[in-house]
Amino acid sequence: MGTCLAALAGWLAWSAVAWCPRVMPRKPQAPVAALAPVDGAKTVQTLAALAPVPRPQREIRMPRVQPGSPTTDTGRTSSGIAEVALGPGHARITVHPSPPSAEPAPVRHAARVPDVAVVHQGSRLGDRVALTFDDGPSAKHTPRVLATLRRFGAKATFFVQGRRVQQYPELARRIVDEGHQIANHSFSHASFRSLFKSQIRAELSETQTSVEMATGRVPAMLRPPFGRYPESSLAVFAEFGLNLVLWTVDSGDWHASALEVMRTVVRETEAGSIVLLHDSEPQTVRALPDVLRELEKRGLTMVTVAELTGLPAYAEKGARGDVPAVPVTGDDGGEQVATAGTSAE
């Protein structure tokens, strides 16, 4: 009798699985992995077949990785969280799919600490986008960028290096005088992942001071070198009243041709996008007229990041933090913030 009951229970359990699959929980999507070559410092841009999502969203733009960089990195893509593990001559890329999400809030915050926002894009409603230029001012290229922006009536945001502001204060002043926004991109472009907290403070302080002396403005926005920073540094950014601005669209202009830059920006930019460019690159100067022309044809308006996000462009004068005016080399009690990162922003 016991054997019969056990058999009957087994049959019922099998029937529940075989005939009532709808009541069984669905398995989550498994991570998908693939290999991609790493060629020097070129961007790893994967792989339409890798993303288990409908085709219009299948292109994945990855963080830049190159030989000699840390062995792993992560980045957010349109399909989920992507993890990159470097090997000899290749990168193994694993995408952890994320579930569909509703329309984001007008400003999307990736992380928050008191008084610090980390912004990747603005509102998708309307017709506004923000072009941003890193690593200037450049004596050779920034004047040409400014002239092109003026010709099209476009506004932009310039994330400047403090050392270059000290070299070319007249260009920093011209950026502000022509209605653009100026923001902090560190003093020396050293990766914040390789610096102690005291060194990060010095990088920020020296740049804030340099920009204020050249323009009379104290930036309230920061883009870390390479777009990377240790989470522990957010509290340091808060000391300076700096919100973090990353990007939605990476133009790839540090390694791509002018035609490739134009095609990438035009293809990927939509309302609310923050576009990463560099006014230190000649191909950016060549691509910019066509970029502006094509975006205008699509009815998009180029504004500053502050206008796009509603975050303040500038802080009160003197908001630079109580830190040394030059980078320091102390060990902060022996606790380093993080290991070095790589990219080209």
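We did not get these values from a lab; they are worked out from the coordinates using the rules stated. No experiment lies behind these values; they were computed from the predicted model shown. Neighbour counts run over all protein chains shown; Cβ positions are idealised from the backbone, glycine included.
Each residue of the range 274-285 in turn: what ³J(HN,Hα) in whole Hz from Karplus with 6.51, -1.76, 1.60 and θ = phi - 60°, glycine and Pro shown as x?
10, 9, 8, 9, 9, 8, 9, 10, x, 5, 5, 4
Residue separation times 0.36 nm, minus the C-alpha to C-alpha distance between Arg298 and Ser188: what's the value? Please report the intermediate quantities before stating the final value.
Numbers: separation 110, 0.36 × 110 = 39.60 nm, distance 3.73 nm.
Extending this stretch completely gives an extra 35.9 nm.
Given 10 °C and 1.306 mPa s, how large is the Stokes-Einstein diffusion coefficient of the range 143-283 in µm²/s, with Rh as the Kirkwood radius over Cα pairs? Mind dumping the intermediate values first?
Values: Rh = 15.8 Å.
For these conditions, the coefficient is 100 µm²/s.
Taking the number of other C-beta atoms within 10 Å as the exposure measure, put Tyr314, Tyr229, Tyr168 in order starting with the fewest.
Numbers: Tyr314 21, Tyr229 25, Tyr168 18.
With the sparsest Cβ surroundings first, the list reads Tyr168, Tyr314, Tyr229.
Would you please give the residues with an amide H less than 5 Å from that of Val245, counting only those at least 5 places away or on a separate chain, with H modeled from the backbone geometry?
Distant-sequence amide H within range of Val245: Val119, Leu222, Arg223.
Residues with beta-carbon under 14 Å from that of Phe152, excluding Phe152: net charge, scoring Lys, Arg +1 and Asp, Glu -1?
On the way: positive: Arg144, Arg150, Arg151, Lys155, Arg293, Lys297, Arg298; negative: Glu178, Asp290, Glu294, Glu296.
Once positives and negatives cancel, what remains is +3.
Tell me, in nm to one decimal, what length is gained between Arg124 and Ala235 on full extension, where the rule is 0.36 nm per residue of separation less the Cα-Cα distance? Walk me through the intermediate numbers first.
On the way: separation 111, 0.36 × 111 = 39.96 nm, distance 2.91 nm.
Full extension of this stretch gives 37.1 nm more.
Could you calculate the contour length gain from Leu259 to Phe152, that is, 0.36 nm times the residue separation minus the distance between their Cα atoms, to one decimal place in nm?
Details: separation 107, 0.36 × 107 = 38.52 nm, distance 1.92 nm.
Fully extending the segment from Leu259 to Phe152 adds 36.6 nm.
All other residues with a Cβ under 10 Å from the Cβ of Ala271 taken together, and with Lys, Arg as +1 and Asp, Glu as -1, what is their net charge?
Working: positive: Arg124, Arg128, Arg298; negative: Asp127, Glu270.
Summing Lys/Arg as +1 and Asp/Glu as -1 gives +1.
How big is the range 201-284 by Rg and Dmax over its Cα atoms, in Å?
My reading of the Cα-based Rg and Dmax gives 15.3, 41 Å.
Starting from the 7 Å offset along Cα-to-Cβ, what nm value, one decimal, do you get for the label separation of Ala139 and Asp290?
Those two pseudo-labels are separated by 3.0 nm.
Based on the Cβ-Cβ distance of Arg163 and Glu270, what FRET efficiency does E = 1/(1 + (r/R0)^6) give at R0 = 56 Å, to the nearest 0.05?
On the way: r = 35 Å, r/R0 = 0.62.
E(calc), rounded to 0.05, equals 0.95.
Report the charge-dipole magnitude of the range 209-322 in Debye, nearest 20, computed about the Cα centre from +1 at each Lys and Arg Cβ and -1 at each Asp and Glu Cβ.
On the way: 11 positive and 16 negative charges, 33 e Å.
My answer is approximately 160 debye.
When the Karplus curve 6.51 cos²θ - 1.76 cosθ + 1.60 is applied with θ = phi - 60°, which whole-Hz ³J(HN,Hα) does each residue of the range 191-207 get, with x for Gly and Pro?
Listing the rounded values in order: 5, 5, 6, 10, 10, 6, 4, 4, 6, 4, 4, 5, 4, 5, 4, 5, 6 Hz.
Using the Kirkwood radius over Cα pairs, work out the Stokes-Einstein diffusion coefficient for the range 163-216 at 37 °C and 0.692 mPa s, in µm²/s as a whole number.
On the way: Rh = 11.6 Å.
Using the Kirkwood radius from Cα pairs, D works out to 284 µm²/s.
Translational D (Stokes-Einstein, µm²/s) of the range 130-180 at 10 °C and 1.306 mPa s when Rh comes from the Kirkwood sum over C-alpha pairs?
Numbers: Rh = 10.8 Å.
Answer, rounded: 147 µm²/s.
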